[in-house]
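Okay, so here's the structure we're looking at.
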Amino acid sequence: MKHFLLLFLISAFVCSPLKAQRADYNVIPLPKEVKADTEQVFTLRKGMGVAFDATNPEIYRNVQFLCEWVKEMTGINLMLTPNDKKAAIRMSLDFPTKKGEKEDELTEQQQEAYIINVDKKGVTIQARKPVGLFRAAQTLRKALPVVKEKVEQVELPFAKIYDEPRFEYRGVLLDCGRHFFTVEFIKKFIDVMALHGSNQLHWHLTEDQGWRFEVKAYPGLAPKGSVRAETVIGPGNSGIYDGTPYGGYYTQEDCREVVRYAAERYINVVPEIDLPGHMQSALHVFPHLGCTGGPYPVRTYWGVSREVLCGGNPETLTFLKTVLGELCDIFPSKYIHIGGDECPKDRWKKCEKCQAKIKELGLKDDGKHSVENQLQSYINREVEAFIKERGRDIIGWDEILEGGLSGGSIIMSWRGVKGGIAAARQGHRVIMSPNVYSYIDHPQLKDYLGRQPRTTDSYIVSASKVYSFEPLIPDSLTQEQQRLILGPQVNLWTEHIAYPQHAFYQLLPRLGASCEVQWCLPEQKDFENFKSRLPRLKAIYDLIGVNYCRQLE
Ligand code: ACM
Ligand code: ZN
């Protein structure tokens, strides 16, 4: 009897990989509709074909992605058979349009929609646009089992899947100012964003601690402004320094390469030049642009610097427009982020040039907006007009509301949601990135000391906290105001994150949680259910070699 039991156990163990070779469409983010059969399956085998319109290079690229991912997950090699109508997988833009549907009235989300059908003939993937084919390919990829001993066939349950994202803007911020990350790393970061269906990489390029964007008009700016003499050690400002110069910047060629790579994965790169605060690295190179004249070292520790661009010096605007002009030439993004956060006014209050400018502009304290905040608004408006001429909109952190705001600006709400609520009530578009739900530089585990690397640790942002965020704030905003919320974003600040493994540890699996905020309807969301779907996503993290936090709270 004992032997039988043993045999049974052994055979169950040996056979279990077979069971694991079945796809499961309950992926992250969970598609809007998944109707899957529990009994009937289509068996995908090595050598089967993929049909597509070979005259469309964008579709061809997405087919290549799909084949690459199927091979990576299962070992199955598919064949490209463009004209074979009977191929096992058929990818096309034959999307079943609704009656009266007009292409130019579709929302951005509808343009990303896709359908996957699995039946006895195989897999049909349909989308309105190539981007939808890419999203579908990612869903199929995530549905596949990660097969360690690569197999020759995988079972796909018959299914009908429909999906489109909830929000048009689905962002992730990467701070390359505090620490420099290589282009190779950023490409991996983009791959990981694409795996989760995020579509906006907010690239924070300049900081007090380092200027990372090459500007041809100012050849010394990036080489000198990117290097700090040393860096404070540990979280907070310990007062202890590592004594090692630190630097790195992106050439314009690098930036173009990042834009190109991201665009192939349907990710827009939103570049940020943070102004007029967070500019100490630029002041290091151009001290005449500060109120005191300097000298200004590239900052070697964290926190908010009082040293900001002089608001009264006309050369400040010349400098900003030159930098932003080159930025617009390189980044095709319809959004350009101009920062605007944490700009202390200590220097401006005492600076003759700033006060003369306030007088010249006739600014008066109206009880709501100080004259110095209005001076910042004047700079914002000048910069906004310049960027508008280039056909783009500005995004600013919620502080830009404080001096009064002009029409087309988009507010990124970070100090909680109140800035976003105020902005939407004034008719501005909003991106929701409230720190307590979205700042993934913070620890993700309670009792984190000894359990995870030290980071900014004033509060915990657990995966369940990230997951619980509702960007539309329905208790505070009317439906019309809610339509101004473009979407959510999580932010990876890097004061205490210097290495790729640590960056991915902070990002994952919280981006998994965030992508359900980005894609799923509130009624679809359930953290326990999310947890049950996470192991498959983690298997992909392992497969593609990115680090992640093993625990989930
Ligand atoms: C910010 O966290 N200072 C936008
Ligand atoms: Zn000044």
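Observations, loosely collected:
- Restricting the calculation to alpha carbons of region 324-410 gives Rg and Dmax of 13.8, 41 angstrom.
- Evaluated with a Cβ-only charge set (Lys, Arg +1; Asp, Glu -1), the chain carries a dipole of roughly 1160 debye about its Cα centre, given to the nearest 20.
- Shape category assigned to region 140-189 from the gyration tensor of Cα positions, a/c cut at 1.5: oblate
- Which of 162, 88, 100, positive extreme of dipole for region 72-194 (C-beta unit charges): 88
- For region 418-553: accessible area per residue (Å², 1.4 Å): 39 Å²
- Of all DSSP-defined beta bridges confined to the chain, some 40% are antiparallel rather than parallel.
- Whole-angstrom gap from region 88-110 to region 361-431, using each part's C-alpha centre: 37 Å
- Charge context of residue 247, other residues only, Cβ under 12 angstrom, K/R +1, D/E -1: +2
- Cα-based convex hull, region 378-464, per residue volume (Å³, whole number): 119 Å³
- Using C-alpha pairs under 8 Å with a sequence gap of at least 6, the mean separation divided by the residue count of region 367-509 gives a relative contact order of 20 percent.
- Calculated [θ] (222 nm, deg cm²/dmol) that DSSP helices of n ≥ 4 give over the chain, each run adding -39,500 (n - 2.57): -10500 deg cm²/dmol
- Histogrammed with a bin width of 5 Å, the alpha carbon distances of region 263-308 distribute as 5, 20, 25, 17, 9, 7, 8, 7, 3, 0 percent, first bin at zero.
- The mean sequence distance of close C-alpha pairs (under 8 Å, at least 6 residues apart), as a share of the length of region 59-163, puts its relative contact order at 36 percent.
- Note: region 424-489, Cα convex hull, 91 Å³ per residue.
- Share of carbon and sulfur in the accessible heavy-atom surface of region 166-228 [1.4 Å probe, %]: 55 percent
- Per the Cα gyration tensor, region 271-384 maps to an equivalent ellipsoid with semi-axes of 22, 18, 13 Å, ordered largest to smallest.
- Using a probe of 1.4 angstrom and keeping all protein chains present, the accessible surface of region 277-377 works out to 41 square angstrom per residue.
- Enclosed volume per residue, in Å³, of the convex hull spanned by Cα atoms of region 505-553: 76 Å³
- Ranking 431, 417, 507 by Cα position along the charge dipole of region 393-550, where only Lys, Arg, Asp and Glu carry charges on their C-beta atoms, puts 507 farthest toward the positive end.
- Computed from the Cα positions only, the extents of region 152-275 along the three principal axes stand at 61, 37, 34 Å, in decreasing order.
- Value of Rg to Rh for the chain, rounded to two decimals, is 1.01; Kirkwood radius and Rg both from alpha-carbon coordinates.
- D (Stokes-Einstein, µm²/s), Kirkwood Cα radius, region 393-534, 0.890 mPa s at 25 °C: 154 µm²/s
- Charge dipole of the chain about the Cα centre (unit charges at C-beta), most positive-ward option of 363, 194, 137: 137
- Here is the size of region 206-276 from its Cα atoms: Rg then Dmax, 15.0, 44 Å.
- Each of 476, 238, 409 has its accessible area taken with a 1.4 Å probe; listed largest first, they run 238, 476, 409.
- Two-decimal Rg to Rh for region 43-175 - Kirkwood Rh, Cα set: 0.99
The values are calculated or read from the model by the stated rules, or taken from the named source; none is laboratory data. Just so you know, these numbers come straight off a predicted model, no measurement behind them. Here Cβ is always computed from backbone atoms with ideal geometry, including for glycine, and neighbour counts include all displayed protein chains. Keep in mind that these areas ignore ligands, DNA and RNA; they rest on the heavy atoms of the full protein, side chains included. Shrake-Rupley method; radii C 1.70, N 1.55, O 1.52, S 1.80 Å.
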